[in-house]
Amino acid sequence: MSVIIERFTKATKSHYELLLDADPSRKVVDSYLSKSHCIEAKVGLKVIGVIILLPTRPNTLEIVNIAVSNDFQGQGIGRILIEYALEFAREHEMKTVEIGTGSTSVGALYLYQKCGFRMTHIDKDFFSRHYDEKIIENEIELRDMVRMSQDLC
Ligand code: ACO
């Protein structure tokens, strides 16, 4: 399988399907999309993954959204997207890359630690405060965000 990773500027329906899988609020997704570097993974013409990089502070990028389509999960695409993002950050002379995920997102927490991210703190009640709808994941109500980061050298 040949996977192509490249930038995109205009989000299509296929991008939104993935973006909303990682972040269920269209309002929140739209709030960061236009300010971010948007990267897609494609097999042929099919978009199978996205990763969105938002510059937050000087020398700091945050991965605000990452998703791989169901049929392609567990095949290393998520890791390829994160490694691409880390390389992108180095090329743009960033010093720190951050990421936040739900405390209930066990797979994502596993992946991020495998890619070198360390936990920094918990943003308690982040999801209860910022999302109108209750989010249930792995049979647990999602309330807290785990904040993670890694320094680039
Ligand atoms: N359980 C255990 N381990 C996992 C899981 C899981 N559910 N998912 C990934 N991993 C581990 C794998 O074992 C793998 O380790 P290895 O390389 O040593 O074998 C490593 O993480 C990389 O896995 P990939 O196959 O590269 O991950 P994948 O392509 O499946 O993408 C992702 C992971 C993006 C989390 C995908 O499952 C997904 O799209 N989920 C739905 C959307 C989502 O939850 N996104 C994250 C929200 S947080 C945010 O966007 C900032």
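In table form, for the structure just shown:
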| quantity | calculated |
| --- | --- |
| Number of positions in region 54-107 that are over 19 Å from GLU6 (Cα atoms), among the polar types (S, T, N, Q), in contact (Cβ under 8 Å) with a residue 24 or more places away in the chain and near the ligand (Cβ under 9 Å from one of its atoms) | 2 |
| Region 138-152 - residue that is part of a loop (DSSP other than H, G, I, E, B) and out of contact with any Leu (no Cβ under 8 Å at 6 or more places or on another chain) and, of those, farthest from ALA89 (Cα to Cα) | GLU139 |
| The lone exception for ASP23 - which of (1) surrounded by 15 or more Cβ atoms within 10 Å (Cβ to Cβ); (2) out of contact with any helix residue (DSSP H, G or I) (no Cβ under 9 Å at 6 or more places or on another chain); (3) closer than 26 Å to ILE122 by Cα; (4) not basic (Lys, Arg) it fails | (2) |
| Those residues of region 2-16 which are in contact (Cβ under 8 Å) with a residue 40 or more places away in the chain and out of contact with any strand residue (DSSP E or B) (no Cβ under 6 Å at 6 or more places or on another chain), in sequence order | SER2 |
| Those residues of region 22-32 which are modelled with pLDDT of 95 or more and within 13 Å of the ligand (Cβ to nearest atom), in sequence order | VAL29, TYR32 |
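The values are calculated or read from the model by the stated rules, or taken from the named source; none is laboratory data. Note that the structure is a prediction, hence the values are computed from the model and not measured. Don't worry about glycine lacking a Cβ; one is built from the backbone with ideal geometry, like all the others, and counts go over all protein chains shown.
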